[in-house]
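Colleague: Dumping the structure here so I can ask a few things about it.
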Amino acid sequence: MKTSTNEKKALLRKMVEIRLFEEKIGLLFHQQLIPGFVHLSIGQEASTVGSCSVLRPDDYIISTHRGHAHILAKGAEPKYMFAECFGKVTGYCKGKGGSMHIADFSKGILGANGVVGGGFPIMTGAGFSIKLRGTDQVGMVFFGDGASNRGTFHEAVNMAAVFKLPIVFVCENNRYASTSPAEKMVAGGSVANRAHAYGIPGAINDGSNVLAVRDSVAEAVDRARKGYGPSIVENETYRYKGHFEGDRQRYRTPDEIQQYRLTRDPIDRFETLLIDEGIATQKEIDAMKAAVAAEIEDAVKFAMDSPLPDPHEAMQDLFVNP
Amino acid sequence: MAVRELSCSLAMAEALKEEMERDTTVFIIGEDLVSNGGIFGQFRGLPELFPDRIIDTPISETAIVGAGVGAALTGMRPIIDMHFADFVTTAMDEIVNQMAKIRYMFGGQAKLPLVLWAPDGSGLNAAAQHSQCLENWFVHVPGLKVVVPSEPADVKGLLKAAIRDDDPVIFFQHKKLFNQTGPVTEDKYIVPLGKAAVRRVGTDITILTYSRMTYFCKEAARELAQKGIQAEIIDLRTLMPLDFATIAESVKKTRHAVVVHEACTTGGFGGELSARITEELFEYLDGPIVRIGARHVPMPFSPVMEHYVLPQVEDIVAGVRKALRR
Ligand SMILES: Cc1ncc(C[n+]2csc(CCOP(=O)(O)OP(=O)(O)O)c2C)c(N)n1
Ligand SMILES: [Mg+2]
């Protein structure tokens, strides 16, 4: 797929926004300003940004417990996300969801999900809905290597294949499911391999190369949009932080993390490419990063200054017709 | 007998160690058990001692719970780690239609000596999908025993009893109590299923409770005592089988009762207790039985709302005064 100069700059900016957002969340969590559980996706930016970059605003995504990046990449605003993570009333879900449960239905973000594998069947339903309504929307469901072992994955992929539903299953294989290495837990060599069993395309990408991801996902999205059915796209990636903030990470070595950071960092790699191609100078990139950092600071300030919910608001939103 | 102060997670690890040493058919199956000794440190030290009997699986709850059923049917004593109690929903067929029914449906031919261990409860700002108390669902299904301990000593003794029991036991342990410490004796004792514990003796009202709410009730009882109300606290410890004799003895004495649990009041175990006491002890009652539990919404994330939804000490105090009409 052709990616223009401006699109390339936008890809880098979005990856930087996600990185800075996540780093800030981590910091605020350790300052005990963010309650609950927090799962960060630092290191996985190319997979997420490349995938969402080929979606239209009216397309759907479903995210996971590690969902901030997906939601940002689909166009959500950092300030309402911070507010949600703080449990403030101005958050996307009025403080009812928190880090693990952010949604913006107006942008096709059908929600992050705290139940691993909870999103697959729901996206099947969105796929039927798209077909029945006769639109050419596409649904993209993000999931981890670990989630590919839930029965819901296999049921949903099979059903999507049987009915040629317009769904792209994007696996962000970061090599671990909590403490468990994918190489021990995923039979058959890869998640993408499983596509063959269901007679649909399965692609494996270098998940730290944003353009490679973008090209591969574009094909899958195009196929879905044209009515040819679902695909599985597996992006090989890596999370730098623990499974959750506070994870002791006995299942891997600091050296392994360092290796990824030094040799496969998606942002560093793309920056180098843009400079080599003469698309941006280091100075421009630094200025862009400073601008994004300032936006993040503003967003945090908005969240900090926002009020907590009135406790009684807990009783609202249960039913449409109580 | 030597007594140590142990946390619930250490008490749990000790129970598991004793039972795994005693019986080689006991094994543990679930997700992320080995590294870090489980997500709550509840298996600390065990993977080194029993490397073949602590099995880390893929994220496949349906198969994990089903595997527990199959292994129990064929001579093993599995302990199934549900990771979070909320995820029982991903294996409800295995629990409700298989585990609970196999023995009865096949005319008593089989036995299912298994424990489904599930950390439950809120208070960690973990929001709607990681905070539930679902014990009453399982009390409602014939064929399952349900355990809800509060103290470290009971975690140890009841878990050992659950492992040795020949029937399926759903063992809920509250997440906020993992670090709760209490005296635990060094011997290899057992706390039998189906026996409640009187935690405080009182004459004016019976407070029936379990799990984390036991601690809230103790605090409420201290406040009530200052107002001249002496509450008797019964920690039920197991809901199925239920120690109704201990309940009846107390209610006959105090003539009043409240029920306190963290699960939603509506449709919760408190309704069952209230109905049973009314049916069997009506002539002893001098007032209505009051239920105290969570408000009827999924658990909201924001700490201020979570606090509001959960029953608090002041709600228990108010509930007791309502029951006593003073
Ligand atoms: C049904 C279910 N089982 C277990 C969990 C606990 N859990 C949360 S995230 C996680 C690991 C998920 O791994 P993966 O799918 O690879 O995603 P990643 O965390 O690597 O992004 C586990 C076991 C859960 N939330 N839901
Ligand atoms: Mg993973």
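The values are calculated or read from the model by the stated rules, or taken from the named source; none is laboratory data. Since the structure is predicted, the reported quantities are computational estimates derived from the model, not experimental observations. Ideal geometry is used to build each Cβ from the backbone, glycine not excepted, and the neighbour counts take in all protein chains shown. The accessibility values were calculated without ligands, DNA or RNA, using every heavy atom of the protein model including side chains. Shrake-Rupley method; radii C 1.70, N 1.55, O 1.52, S 1.80 Å.
Colleague: From the convex hull of the Cα coordinates of the stretch B:197-321, what is the mean projected area in square nanometres?
Modeller: With the hull built on Cα positions only, its mean projection is 7.3 nm².
Colleague: Defining a contact as two alpha carbons under 8 Å apart and six or more residues distant in sequence, what relative contact order in percent does chain B show?
Modeller: 16 percent
Colleague: Search the structure for amide H atoms under 5 Å from the amide H of A:H243, placed 1.01 Å from N in the peptide plane, and list their residues when 5 or more places away or on another chain.
Modeller: Hits under the 5 Å cutoff: none.
Colleague: May I ask you to find the residues of the stretch A:2-48 that are shielded by at least 20 Å² of accessible area once the whole protein assembly is considered instead of their isolated chain (probe 1.4 Å)?
Modeller: Buried-area filter returns A:P35, A:G36, A:F37.
Colleague: Can I ask one more? If you plug each phi of the stretch A:262-278 into the Karplus form 6.51 cos²θ - 1.76 cosθ + 1.60 with θ = phi - 60°, what whole-Hz ³J(HN,Hα) values come out, in order, with x for Gly and Pro?
Modeller: Rounded to whole hertz, the list is 6, 10, 10, 5, x, 6, 4, 4, 6, 4, 4, 4, 5, 5, 4, 7, x.
Colleague: Give me the 1.4 Å probe accessible area per residue for the stretch B:197-321, excluding ligands and nucleic acids, in Å².
Modeller: Heavy-atom accessible area per residue stands at 38 Å².
Colleague: Then there's this: Roughly speaking, to the nearest percent, how much of chain B's 1.4 Å accessible area is carbon and sulfur?
Modeller: Answer for chain B: carbon and sulfur cover 53 percent of the accessible area.
Colleague: Hey, another quick one. Quick one: 3J(HN,Hα) in Hz for the stretch B:20-30, Karplus 6.51/-1.76/1.60 with θ = phi - 60°, rounded, Gly and Pro as x.
Modeller: 6, 6, 6, 9, 6, 8, 7, 9, 10, 9, x
Colleague: In peptide B:84-91, what is the residue-averaged number of other protein chain Cβ atoms found within 10 Å of each Cβ?
Modeller: That works out to 2 on average.
Colleague: Then there's this: By DSSP, what percent of the beta bridges with both residues in the protein assembly as shown are antiparallel, rounded to the nearest 5?
Modeller: 20 percent
Colleague: Just the number, please: percent antiparallel of the DSSP beta bridges in the stretch B:197-321, rounded to the nearest 5.
Modeller: Antiparallel bridges make up about 20 percent of those DSSP assigns within the stretch B:197-321.
Colleague: If you don't mind, another one. How many Cβ atoms of partner chains, on average, are near each residue of A:309-321 if near means within 10 Å of its Cβ?
Modeller: Across the residues of A:309-321, the mean count of other-chain Cβ atoms within 10 Å is 4.
Colleague: Run the reach check for B:K227 against lysines, Cα to Cα strictly under 27 Å, same-chain hits fewer than 8 apart removed. What comes back?
Modeller: The reachable lysines, counting only those whose Cα sits under 27 Å from B:K227, are B:K218, B:K252, B:K253, B:K322.
Colleague: Averaged across orientations, what area in nm² does the convex hull of the alpha carbons in the stretch A:136-224 project?
Modeller: 5.8 nm²
Colleague: Taking only the alpha-carbon positions of the stretch A:68-214 and ignoring solvent, what does the Debye formula give for the base-10 log of I(q)/I(0) at q = 0.15, 0.17, 0.22 Å⁻¹?
Modeller: One equal scatterer on each Cα of the stretch A:68-214 leads to -0.86, -1.07, -1.42.
Colleague: DSSP loop (so not H, G, I, E, B), at most 14 other Cβ within 10 Å: list which GluC sites (Glu not before Pro) in the stretch A:225-322 pass both filters.
Modeller: Listed in order of number, the matching sites are A:E277.
Colleague: How large is Rg over Rh for the stretch A:214-322, taking Rg from the Cα atoms and Rh as the Kirkwood inverse mean of 1/r across Cα pairs?
Modeller: 1.10
Colleague: A further question on this structure: Taking each pair of different alpha-carbon atoms in the stretch B:3-185 once, compute 1/r for the pair, average those values, and report the inverse of that mean as the Kirkwood hydrodynamic radius in Å to one decimal.
Modeller: It works out to 16.2 Å.
Colleague: What is the distance in Å between the Cα centroid of the stretch B:258-326 and that of the stretch B:17-49?
Modeller: The stretch B:258-326 and the stretch B:17-49 have Cα centres spaced 36 Å from each other.
Colleague: For the stretch A:5-301, what D do you get in µm² per second when you plug the Kirkwood radius from alpha-carbon pairs into Stokes-Einstein at 20 °C and 1.002 mPa s?
Modeller: So the translational diffusion coefficient is about 112 µm²/s.
Colleague: Related question: Summing -39500 (n - 2.57) over the DSSP H runs of n ≥ 4 in chain A and dividing by its residue number, what mean residue ellipticity at 222 nm do you reach, to the nearest 500 deg cm²/dmol?
Modeller: Using -39500 (n - 2.57) per qualifying helix, the result is -14000 deg cm²/dmol.
Colleague: While we're looking at this one, here's another question. If you take the accessible area of B alone plus A alone and subtract the pair, what total do you get in square angstrom, rounded to 100, with a 1.4 Å probe?
Modeller: So the total buried area for this chain pair works out to about 2800 Å².
Colleague: So how do A:70-80, A:132-142 stack up, highest first, on mean other-Cβ count within 10 Å?
Modeller: The peptides rank, most packed first, as A:70-80, A:132-142.
Colleague: So what's the back-of-envelope 222 nm ellipticity for chain B, counting only DSSP H runs of four-plus at -39500 (n - 2.57) apiece and dividing by all residues, rounded to 500?
Modeller: -10000 deg cm²/dmol
Colleague: Oh, and also: Which three extents, in angstrom, do the Cα atoms of chain B have along their principal axes, listed largest first?
Modeller: 59, 45, 43
Colleague: Quick check: the distance between the Cα centres of the stretch B:57-134 and the stretch A:196-261, to the nearest angstrom?
Modeller: 32 Å
Colleague: Determine one quarter of the surface area of the Cα convex hull of the protein assembly as shown, which equals its mean projected area, and express it in nm² to one decimal.
Modeller: 31.2 nm²
Colleague: Considering protein heavy atoms only and a 1.4 Å probe radius, which residues within the stretch A:171-195 exhibit an accessible-area decrease of no less than 10 Å² in the full assembly relative to the chain by itself?
Modeller: Those are A:A177, A:S178, A:T179, A:S180, A:M185, which lose 10 Å² or more relative to the chain on its own.
Colleague: Counting only heavy atoms of protein chains, what accessible area per residue, in Å², does chain A have with a probe of 1.4 Å?
Modeller: The answer is 41 Å² per residue.
Colleague: Using only atoms on other chains, find how many Cβ atoms lie within 10 Å of each Cβ of peptide A:142-149 and report the average.
Modeller: 2
Colleague: Amide H of B:I28 versus every other amide H placed in the peptide plane: which residues, excluding those fewer than 5 positions away on the same chain, fall under 5 Å?
Modeller: Result for B:I28 returns B:I54, B:I55, B:I79.
Colleague: What lysines does B:K160 reach when the alpha-carbon gap must be under 24 Å and sequence neighbours fewer than 8 apart in one chain are set aside?
Modeller: Excluding near neighbours in sequence, the set is B:K17, B:K101, B:K111, B:K145, B:K175, B:K176, B:K188, B:K195.
Colleague: Quick one: compute the contact order of the stretch A:186-317, relative version, from alpha carbon pairs under 8 angstrom and 6+ residues apart, as a percent.
Modeller: Taking the mean separation of contacting Cα pairs over the length of the stretch A:186-317, I get 18 percent.
Colleague: Å³ per residue of the Cα convex hull, for the stretch A:1-129?
Modeller: 110 Å³
Colleague: Give me the lysines in straight-line cross-link reach of A:K131: C-alpha distance below 29 Å, same-chain residues under 8 apart excluded.
Modeller: Of all the lysines, those that pass the test against A:K131 - Cα under 29 Å, at least 8 places apart if same chain - are A:K2, A:K74, A:K107, A:K164, A:K226.
Colleague: Could you tell me what percent of the accessible area of the stretch A:166-320 is made up of carbon and sulfur, with a 1.4 Å probe and every protein chain present?
Modeller: 53 percent
Colleague: Given H placed 1.01 Å from N in the peptide plane, which residues other than close sequence neighbours of B:A294 have an amide H under 5 Å from its amide H?
Modeller: B:A263, B:C264, B:T265
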